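Heads up, the thing below is written out as structure tokens.
The values are calculated or read from the model by the stated rules, or taken from the named source; none is laboratory data. What you see is a predicted model; the values in this text were computed from it and never measured. Please note: Cβ atoms are built from the backbone with ideal geometry, for glycine as well, and neighbour counts cover all protein chains shown.
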Amino acid sequence: MHEVYISIGSNIDPHTHIPQALKLMDETPGLHVNRVSTFYCTPPLGRPEQDPYRNGAVGVQCDEQPDRLKFQILRPIETRIGRKRTSDAYAPRPIDLDILLFDTIVQHTDGLTLPAPDIRTRAFVAVPLVEIAPELVLPDTGENLRDLPIVQEKLTMDAPLTRLVKERFNHE
């Protein structure tokens, strides 16, 4: 089994879509959700007219390879929940699932970069990740995740959503 960390976010009915995505992931054969972070309320990037996002991180074990996980499992879950991909990378979405880390793989392909570059630049990615994996070392640079300056940023917790998902999915 591979140790994988996935970011999860939504700004369209997140209290419904995030638990739904976690349930679908956990019900997928060969994929097991074992850790879920706190969820944070964050403003949309460059789109003040949009509703805020709820963002968190998920630790899973899986028996798939990275490309198959992304394109054959996570993308169909997004589609099932109602995500429609457009040319607008910052469009509102019911769910967004992105692989952040996959074991210690370093990969740069057209469809997938590991570790995800957003770990170093976006607090809403790094903060939840360090919560569920404080000892994590980034495989491409050897940096300890908890030492990145971005993890010091303060985010606003969504307590009801966090309670809902942690009760159900934190089962290592």
Notebook entry, point to check: Hey, among the residues in the range 124-146 that are touching a Leu at 6+ places or on another chain (Cβ under 9 Å), without any contact (Cβ under 8 Å) to a residue 40 or more places away in the chain and not in a helix (DSSP H, G or I), which one's surrounded by the fewest Cβ atoms within 10 Å (Cβ to Cβ)?
Noted result: E135
Next item on the list: Give just the number: which of (1) at pLDDT 95 or above; (2) closer than 30 Å to T16 by Cβ; (3) over 17 Å from the mean Cα position of the chain (by Cα); (4) not polar (S, T, N, Q) does L129 not satisfy?
Entry: (3)
Next item on the list: Using the structure shown, decide if T42 is closer than 19 Å to P14 by Cβ, modelled with pLDDT under 95, β-branched (V, I, T) and touching a strand residue (DSSP E or B) at 6+ places or on another chain (Cβ under 8 Å).
Entry: yes
Next item on the list: Please state which one of F124, F102 is in contact with a helix residue (DSSP H, G or I) (Cβ under 9 Å, 6 or more places away or on another chain), under 19 Å from N34 (Cβ atoms) and of a type outside the set (S, T, N, Q).
Entry: F102
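Just the residues that are among the hydrophobic types (A, V, I, L, M, F, W, C) and assigned to a strand (DSSP E or B), please, taken from the range 108-119.
So the first thing to find is which residues in the range 108-119 are among the hydrophobic types (A, V, I, L, M, F, W, C), and the list is 112, 114, 116, 119.
Correct list: L114 only.
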Item checked: Scope the range 155-172; condition at pLDDT 95 or above and not in a helix (DSSP H, G or I); matching residues -> L155, T156, M157, D158
Check: Out of all the residues in the range 102-111, is one or more within 19 Å of G9 (Cβ to Cβ) and surrounded by 13 or more Cβ atoms within 10 Å (Cβ to Cβ)?
Finding: yes
Notebook entry, point to check: When the range 147-160 is examined, which residues are found to be touching a Ser or Thr at 6+ places or on another chain (Cβ under 9 Å) and either surrounded by fewer than 17 Cβ atoms within 10 Å (Cβ to Cβ) or farther than 21 Å from T113 by Cβ (or both)?
Noted result: L155, T156, M157, D158, A159
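Please return the ranges of strands (runs of 3 or more DSSP E) entirely within the range 1-107 where 3 or more residues are aliphatic (A, V, I, L, M) and under 13 Å from the mean Cα position of the chain (by Cα). Give the derivation first.
Details: elements: 2-10, 31-36, 40-42, 53-62, 96-102.
Once the strands (runs of 3 or more DSSP E) in the range 1-107 are filtered for at least 3 residues that are aliphatic (A, V, I, L, M) and under 13 Å from the mean Cα position of the chain (by Cα), what remains is 2-10, 53-62, 96-102.
Out of everything in the range 86-97 that is among the charged types (D, E, K, R) and buried (at least 16 other Cβ atoms within 10 Å of the Cβ), what residue ends up being nearest to E49 (Cα to Cα)? If you could, list the steps in order and put the result at the bottom.
Restricting attention to the range 86-97, the residues satisfying the condition of being among the charged types (D, E, K, R) are 88, 93, 96.
From what's left, buried (at least 16 other Cβ atoms within 10 Å of the Cβ): 93, 96.
Details: R93: 14, D96: 19 Å.
Filtering the range 86-97 for residues that are among the charged types (D, E, K, R) and buried (at least 16 other Cβ atoms within 10 Å of the Cβ), the one nearest to E49 (Cα to Cα) comes out as R93.
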Next item on the list: Take P117 and decide whether it is in contact (Cβ under 8 Å) with a residue 12 or more places away in the chain and closer than 26 Å to E153 by Cβ.
Entry: no
